[in-house]
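A short worksheet on the structure shown next.
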Amino acid sequence: MHKDLLSEYDLEKPDYEAIFANAHRLKRLLKEGREHASLRGKTLGMIFDKSSTRTRISFEVGMYQLGGIALFLSTRDTQLGRGEIIADSARIMSRYLNGIMIRTFSQASVEEFARYASIPVINGLTDLLHPCQLLSDLFTIIEKRGRYEGLKIAYVGDGNNMANSWINAAAKLPFHLDLACPDGYDPDSAILCRAIAAAPAGVLLHRDPAEAVRDADVVYTDVWTSMGQEQEREERLRRFQGYQVNQQLLNLARKDVLVMHCLPAHRGEEITAEVIEGPNSVVIDEAENRLHVQKAVMELLMK
């Protein structure tokens, strides 16, 4: 693996497999009540520009379970929020900490932090990518289906950071990815073009959700209005009509389709309560797996 986890595109198939194998081992050890304090005495700094539930809890609990500690560092309470340049913060934090997780707006800021830091940097989310969630999603699919190879994964909704992360993974791994996004809300064009040229199984972008979902093994969606886009909410609600993951749409997929959502969900908008609470939904397992997969990543990078 690279020194850092900044983008899932940086990972090759053996890296994915190493993370999933380590996550499976760590999850088993936790369920068996066996100590696995491989990061005892180590400290993770967690820099937050965006509010969080799953990211903060899973990283903080994960470090505790691995024997280390995690420090919550809001930019409102550090010198980063008062104009200190990233290069200075990265170099100084590298003298105190053993790893850094950043949840922020700009992908460029995370990459700059990693460039100056001498310790591992983990992308906990940017507006462009969400690699930790993507890894947890794939790990969940492996748990439920035994593989991701050859499966058809349908992503329906906004071409946001989750869509971009799925496309990056499809550029390296042999699963079929079909996306359905409204005109004007496509994924990042550079990421999409790169994946279309390189994907081992294929990446397709549709306008009609039915085309993406037909015979899918997995149906994935995310909120239509992400953090920082609240002023666009009414327009997005109008433009995304017809892109809701509901039972009618789900009936086009395979009978044993897995329904996934990275949460938080807006029931009644991008997904119905009936579907997210239904028998095909694995969203709670998917959320739990953030803990196990991120522990695997931290152990591989920080041990």
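The values are calculated or read from the model by the stated rules, or taken from the named source; none is laboratory data. The model shown is predicted, which means the values in this text are computed figures rather than measured ones. Neighbour counts are summed over all protein chains in view; Cβ atoms, including those assigned to glycine, are modelled from backbone coordinates with ideal geometry.
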How many of the residues in the stretch 22-73 are touching a strand residue (DSSP E or B) at 6+ places or on another chain (Cβ under 8 Å) and among the hydroxyl-bearing types (S, T, Y)? 4
Taking the stretch 24-51 and keeping residues loosely packed, with under 12 Cβ neighbours inside 10 Å, part of a loop (DSSP other than H, G, I, E, B) and not small (G, A, S) leaves E32, R34, E35, R40
Residues in the stretch 133-155: is at least one closer than 30 Å to G81 by Cα and among the charged types (D, E, K, R)? no
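Rundown of residues vs (1) hydrophobic (A, V, I, L, M, F, W, C); (2) not assigned by TED's automatic domain parsing to the domain that holds A199, yes/no style:
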| position | (1), (2) |
| --- | --- |
| I102 | yes, yes |
| S106 | no, yes |
| E112 | no, yes |
| R115 | no, yes |
| S118 | no, yes |
| I153 | yes, no |
| D158 | no, no |
| W166 | yes, no |
| H176 | no, no |
Could you tell me whether any residue of the stretch 33-56 is in contact with an Asp or Glu (Cβ under 6 Å, 6 or more places away or on another chain) and modelled with pLDDT of 95 or more? yes
List pairs: first in the stretch 187-200 and in a loop (DSSP other than H, G, I, E, B), second not aliphatic (A, V, I, L, M), Cβ under 8 Å, 6+ apart or cross-chain? P187/G159; P187/N160; P187/N164; P187/C181; D188/G159; D188/N164; P200/K172; P200/P174
Looking only at the stretch 213-221, decide whether some residue is in contact with a Lys or Arg (Cβ under 6 Å, 6 or more places away or on another chain), outside the structural domain of H36 (by TED's automatic domain parsing), more than 26 Å from L125 (Cα to Cα) and among the hydrophobic types (A, V, I, L, M, F, W, C). yes
Collect the residues in the stretch 108-122 that are closer than 15 Å to I19 by Cα and in contact with a helix residue (DSSP H, G or I) (Cβ under 6 Å, 6 or more places away or on another chain), keeping them in residue-number order. none
Scan of the stretch 145-166 for residues that are over 24 Å from D49 (Cβ atoms) and either out of contact with any strand residue (DSSP E or B) (no Cβ under 6 Å at 6 or more places or on another chain) or small (G, A, S) (or both), ordered by number: R145, G146, R147, Y148, E149, G150, L151, A154
Please work out which residue is surrounded by the most Cβ atoms within 10 Å (Cβ to Cβ), limiting yourself to the stretch 64-120 and to residues that are hydroxyl-bearing (S, T, Y) and part of a helix (DSSP H, G or I). S89
Report yes if some residue within the stretch 97-120 is in contact with a His (Cβ under 6 Å, 6 or more places away or on another chain) and modelled with pLDDT of 95 or more; otherwise report no. no
Return the total of residues in the stretch 152-176 being among the aliphatic types (A, V, I, L, M) and assigned to a helix (DSSP H, G or I). 5
For V203, indicate whether it is within 20 Å of S281 (Cβ to Cβ), modelled with pLDDT of 95 or more and either of a type outside the set (A, V, I, L, M, F, W, C) or buried (at least 18 other Cβ atoms within 10 Å of the Cβ) (or both). no
Could you identify the single residue in G81, G68, G62 that is closer than 27 Å to E112 by Cα and within 21 Å of the chain's Cα centre (by Cα)? G62
Any residue that is farther than 27 Å from K27 by Cβ and in contact (Cβ under 8 Å) with a residue 12 or more places away in the chain - is there at least one of those in the stretch 145-152? no
When R76 is evaluated against the numbered criteria (1) farther than 29 Å from S38 by Cα; (2) touching a residue at least 24 places away in the same chain (Cβ under 8 Å), which criterion, by number, is the only one it fails? (2)
If you go through M302, M260, the only one that is in contact (Cβ under 8 Å) with a residue 12 or more places away in the chain, at negative phi and either of a type in the set (D, E, K, R) or surrounded by 24 or more Cβ atoms within 10 Å (Cβ to Cβ) (or both) is M260
